[in-house]
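Each value in this text was obtained by applying a stated rule to the coordinates, not by laboratory testing. Bear in mind the structure is a predicted one, so any value in this text is a computation, not a measurement.
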Amino acid sequence: MIELFYWPTPNGRKIPLFLEEAGVDYQITHVDIGRGDQFKPEFLAISPNGRMPAIIDRAPADGGAAISVFESGAILQYLAEKTGGFLPADVRGRTECLQWLFWQMAGLGPMTGQYGHFHVYAPEPIAYARERYAREVGRLLRVLDRRLAGREYICGKEYTIADMACWPWIDAYDQAPFDLAPYADVRRWRAAIAARPATARAEALRDFRAAAAPMSDEERRILFGQGK
């Protein structure tokens, strides 16, 4: 049994994509990042950086004590190695997959996150920041679009943790939609993953937030670590 510490951010959404595809039993503990659950001592004990997602594997492969894992990319790699799925076993395929996983962790996620911050959450518009991160997201999408040309998925014919890591970050902010028209292969790939039954199950976990009130000023303060 995997305990998943979850909130429906792009990083949080990655892990159910894997768990649903792999058919792994899991239970969810919600980490309300607007209320500061990520700063509670019991959560920091498994995620020292105070960010979700995180997991606890209560049945690790070595048969020993439970293992906790934080950072979404590390979680995906851990789960792939545990189950033997969605990460190629050969050295070349594995290297290819992991480099694109790390590309998302180091580039696509942080830069798209900054785009979202300055277009959606910042208390005042800052033209330089908005333009800078919009350009960088566009550059990264061009990199991904070129990679996907002639490939069904990022690593070829096989769906991998690299795809699961990147997919939730594509046009992630409803209040600041990004123009995907120039990126035909990204759009094709994105739609193909959205059509997978496991993706539909994973995305349905977001439904509990459907009736949530807009984020308050206090929740913004907590979410962005002001005063923490």
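Have a look at the DSSP beta bridges in the chain and tell me what percent are antiparallel, nearest 5.
Looking only at bridges with both residues in the chain, the antiparallel portion is about 65 percent.
Please compute the contact order of segment 91-195 in relative form: average sequence separation of alpha-carbon pairs under 8 Å and at least six residues apart, divided by the residue count, as a percent.
It rounds to 34 percent for segment 91-195.
Over the alpha carbons of the chain, what is the largest minus smallest coordinate on each principal axis, giving the biggest first in Å?
Computed over the Cα atoms, the extents are 50, 46, 29 Å.
Could you work out how far the C-alpha centroid of segment 112-153 sits from that of segment 1-31, in angstrom?
Segment 112-153 and segment 1-31 have Cα centres separated by 25 Å.
I'm a student and want to see the number: the projected area of the Cα convex hull of segment 115-163, averaged over all directions, in nm².
Mean shadow area of the hull around the Cα atoms is 4.1 nm².
Below 12 Å, Cα to Cα, which aspartates and glutamates can K14 reach? Residues fewer than 8 away in the same chain don't count.
In chain and number order, the partners are E71, D163, E203.
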